[in-house]
Structure formats: C-alpha cells, structure tokens
Number of protein chains: 2
Amino acid sequence: MHYPTPIAKLIESYMKLPGIGAKTAARLAFYTIDMKEDDVTEFAKALISVKRDLHYCDVCGNITESAVCSICQDTSRDKSVVLVVEESKDVMSMEKMREYRGQYHVLHGVLSPMDGTGPDDINITSLIQRLHNDEINEVIIATNATTEGEATAMYLSRLIKPAGIKVTRLAHGLSVGSDIEYADEVTLLKAVEGRREM
Amino acid sequence: MHYPTPIAKLIESYMKLPGIGAKTAARLAFYTIDMKEDDVTEFAKALISVKRDLHYCDVCGNITESAVCSICQDTSRDKSVVLVVEESKDVMSMEKMREYRGQYHVLHGVLSPMDGTGPDDINITSLIQRLHNDEINEVIIATNATTEGEATAMYLSRLIKPAGIKVTRLAHGLSVGSDIEYADEVTLLKAVEGRREM
C-alpha cells in the first residue's frame, strides 16, 4: 500500500528541508493533517511570501522587503565600519548582540575551490565598490571559523589592506561559559595566542 | 533588530510543527529562502492539499482521498477480520508488513480519562456498528503498548466479547534483533509469559 497522493507529496516536500529524513517527514505530514486549517493556510502563505517578498539589499546584500534594508537606511548607524558576514542569518546573530552600530556586507557564500566557488561567485565586487565610494575606515571580517571562512578572510584582507583601510578579524578563543577540559587543541592554542593582560 | 515580516511569519509556522523549536525553525526558514521557487510552490500546494483533499473513510476512519478508502474497497481482502489501530499512520505501518489481508478500523485516539477522552470521543460507535452489520469473526486490537493503549484494548475487549466475536491483542515481547541485556523488566516478563514451544 502507498500513502494517498496528497500525503506522499507533502512528505516529499518536507524531505527537501535540511536534517529531515523519511521518517520525520512522514511524522510531520501526518501531524499537518490534524493541524488547524488556518494554521496550515498561514504556513502555505508564509512559504510563498518568503520567495516572493524578500530581496537582497542593493547596498549590503542582506535580506530585506524593500530595495535597501533597514540597517543601510538607518542614518543613526556608523557609516565608517563594515562588518562582512557569510550569510544574512549572521547579520541577525550580530544584531542580537545589540552592541554593533556599523554597517554590514553579506557575501552569500565563501571562497571554496573544492566546490568551484571563486571570488566572482560571491558578493565581493560590490564590497570593493562600497570601499571606493564611501568613507570606510575599518572592515571587520566575520566569516565563520572554518577553513573556507579563514581562506575568504585572508583573501579579503589582502584585497582591502592596500587601499589603506584597517582590516580586522573576530577573536578566536574559548566560548563564554565553556570548560577548558572540553576545548579542542586549536581553539585552546588560539586562546593562548590571543591572551590579554588583565 | 527583528526579522523581516515574511521570515518571522514562516519561522512562526515552522515552530507549530512537533519537535521544532525557535532555532531549528529559523534555520529552516532561511534555508527556504534559498530553495528553488518550484520546490517552495510545490510545498505550499501540498500543505493546502492535505487539508482540502483528504477525508476519513466512511467505513474504517482511515485517511483517504475518496469517500471509502482503497483498503475497504479492495474485494480481494478478508472481510471477516478487523484490526483496530489508534491512528491512520498505524495502518501504513501494518501495510508495510505485507502480510495482513483483513480490514482496519482507526480509532483516532485512545481512551484517556486524564485528558478527558472518553468512549464517545474516539471512533468506537462505528466499530460496534460494523460488528453488528458485517460478518466479522475476529477483532485484532493493535493499540499501542502504552497505559492508555492497554486500557482501550481492555475496554474494547469487554465491549465486543459478549457478542461472541473473537478478540485478540498483538503479542508483547522482545523486538527482533534486540539484546536481552537492554530489554526492560516489563517487556522481559511479557516475553517469558508469552513463550512458545519450539
């Protein structure tokens, strides 16, 4: 026996999401059948809406509903610092900190020769243009602490430094609240190298 | 900073699914933004479709696209045996076995005095009606091996037995491939009680 077509199709759709296998997808699909009609309609509308109503900001590449995102439009923010991240969700994470008041730039990826992603495949050209046109003193590179993230940081640093702009990178070290016992060697090494006088 | 409205709404919808918290919902929402437009449209359509196109079978209560489900319509199946399950997904699990060729009856729940679910709140009346009208010799009760499942099985058994119909319950025992070392005491006890001559 097979699932009735509507369930089979919904299971297939759930399975396209990351980390959701056949069993979880079936569980979610059966759960959906018993959900309130309004909730399911809202869900379907929300799906359509994220594809239709969201665009990349013309200036920084962040996700926005308008042509220019709310951060780039905010005149109270410092225009002289740009923080470079891999993805839009990293912008949200940074904003949760409620400390940083500068600009952002979203690369939408990292350099990854293995996957064939070169400098032209990510949002670097417009970053360089911004550095030329605007009065920017510092670029903070906040790509992930992965091999690709580090390589991209290095590449950007070599590209930007010659223009006389200060380039910085987020500090590596122990997570706040973590045990030294469980820290990996590389993190521990970075924490020692980056030690600060107290 | 808040998420743009379309993302916030999608996160909210994902969070209504079981086992999906705020962080996973955000991850899924951002993933959805980068999914293919067609896949997202299909997903939205599938959601609407499971609510619109699926009904409960008039006979057994199983989920179906038509008035009577394909199992009840199948004339090659044995009409004299009814297997009673809690949910439609249990029917799918039983069918995966490819051995059982009788009828089903879906209760859509179990008796649970704690949650205020009584005999009138689950699909029992129509089961009794079927037993009256059709030539049924055996009712196999396949509710879950939980307290509520056992209580429901007991209740149904007392209700059906006086009509002279054989009532059976699925066997309890060790899962195939499992170690005795890791079996709980109750399962082990049931396995000893239910031992068979070889």
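Give a residue-ordered list of calculated ³J(HN,Hα) values for the range B:121-134 (Karplus: 6.51 cos²θ - 1.76 cosθ + 1.60, θ = phi - 60°; whole Hz; x for Gly, Pro).
So the Karplus estimates, Gly and Pro as x, are 8, 10, 7, 8, 3, 5, 5, 4, 4, 4, 5, 5, 7, 9 Hz.
Over 5 Å intervals from 0, what percent of Cα-Cα pairs in the range B:36-77 sits in each interval?
6, 23, 19, 15, 12, 11, 8, 5, 1
Count the DSSP beta bridges whose two residues both fall in the protein assembly as shown, then state the antiparallel fraction as a percent rounded to the nearest 5. Working shown, then result.
Numbers: 6 of 30 bridges.
Among the beta bridges of the protein assembly as shown, antiparallel pairing accounts for roughly 20 percent.
At most 11 other Cβ atoms within 10 Å plus a DSSP loop assignment makes a site exposed; report the longest stretch of chain B without any exposed trypsin sites (Lys or Arg not before Pro). Before the final figure, lay out the partial values.
On the way: sites that count: B:36, B:98, B:101, B:195, B:196.
With trypsin sites (Lys or Arg not before Pro) excluded where exposed in loops, chain B gives B:102-194 as its longest stretch.
Tell me which of A:111, A:76, A:144 sits at the most positive position along the dipole axis of the range A:75-169, charges placed on C-beta atoms (Lys, Arg +1; Asp, Glu -1).
After comparing all options, I get A:76.
Need one number: % antiparallel among DSSP beta bridges in chain A, to the nearest 5. It would help to have the intermediate numbers written out before the result.
Values: 3 of 15 bridges.
Beta bridges within chain A, antiparallel portion: roughly 20 percent.
Can you list the residues, at least 5 places off or on another chain, whose amide H is less than 5 Å from the amide H of residue A:20, using H built in the peptide plane?
Under 5 Å from the amide H of residue A:20 lies no amide H from a residue far enough along the sequence or on another chain.
Given the rotation relating A and B, tell me which residue in A puts its Cβ closest to the axis and the distance in Å.
A:44, 2
In whole angstrom, note down how far apart the Cα centers of the range A:120-198 and the range B:85-104 are.
56 Å
Of the options A:129, A:91, A:21, report the single residue whose Cα projects farthest towards the positive end of the charge dipole of chain A (beta-carbon charges: Lys, Arg +1; Asp, Glu -1).
About the Cα centre, the residue reaching furthest to the positive side is A:129.
At 1.4 Å probe size, with every protein chain present, just tell me what the per residue accessible area of the range A:5-53 comes to in Å². Each step should come with its number before you reach the end.
On the way: 2390 Å² over 49 residues.
Computed with neighbouring chains in place, this is 49 Å² per residue.
Distance from a point 7 Å along Cα→Cβ of residue A:78 to each backbone N in the range A:89-125: keep the residues under 11 Å and list them by number.
Taking a point 7 Å out along Cα→Cβ of residue A:78, the residues of the range A:89-125 whose backbone N falls under 11 Å are A:99-103.
What percent do you get for the relative contact order of the range B:40-119 when only Cα pairs under 8 Å and 6+ apart count? Mind showing how you got there, number by number?
Details: 96 pairs, mean separation 19.3, N = 80.
Worked out over the range B:40-119, it gives 24 percent.
Percent relative contact order of chain A, based on C-alpha pairs within less than 8 angstrom and at least six residues apart? Intermediate values should be presented prior to the final figure.
Working: 218 pairs, mean separation 25.7, N = 198.
Averaging sequence separation for qualifying contacts and normalising by length gives 13 percent for chain A.
With the crude spin-label approximation of a point 7 Å out along Cα→Cβ, what separation in nm comes out for residue B:184 versus residue A:58?
Going by the 7 Å Cα→Cβ label model, 6.3 nm.
Using only helices, what value at 222 nm comes out for chain A when you add -39,500 (n - 2.57) per DSSP H run of length 4 or more and divide by the total residues, to the nearest 500 deg cm²/dmol? Walk me through the numbers before you get to the answer.
Details: 8 runs with 85 residues, N = 198.
Here the helix-only value at 222 nm equals -13000 deg cm²/dmol.
Normalised by the residues of the range B:75-169, what does the relative contact order come to in percent, with Cα pairs under 8 Å and at least six apart? List each step's numbers first, then the result.
Details: 130 pairs, mean separation 29.9, N = 95.
It comes to 31 percent, rounded to a whole number.
Filter the GluC sites (Glu not before Pro) in the range A:1-109 down to the DSSP loop ones having no more than 10 other Cβ atoms within 10 Å, then list what survives. Working shown, then result.
Working: sites: A:12, A:37, A:42, A:65, A:86, A:87, A:95, A:99; in loops: A:65, A:86, A:87, A:99.
Taking the range A:1-109 and a limit of 10 other Cβ atoms within 10 Å, the loop GluC sites (Glu not before Pro) found are A:99.
Between residue A:169 and residues 5 or more places away or on another chain, which pairs have amide H atoms under 5 Å apart, with H built 1.01 Å from N, and which residues are they?
So residue A:169 has HN proximity to A:141.
Each label point is 7 Å from the Cα along the Cα-to-Cβ direction; what then is the distance between the points at residue B:66 and residue A:125, in nm?
Modelled inter-label distance: 5.8 nm.
The values are calculated or read from the model by the stated rules, or taken from the named source; none is laboratory data. Keep in mind that what you see is a predicted model, and the values were worked out from it rather than measured. Please note: Cβ atoms are built from the backbone with ideal geometry, for glycine as well, and neighbour counts cover all protein chains shown. Keep in mind that these areas ignore ligands, DNA and RNA; they rest on the heavy atoms of the full protein, side chains included. Shrake-Rupley method; radii C 1.70, N 1.55, O 1.52, S 1.80 Å.
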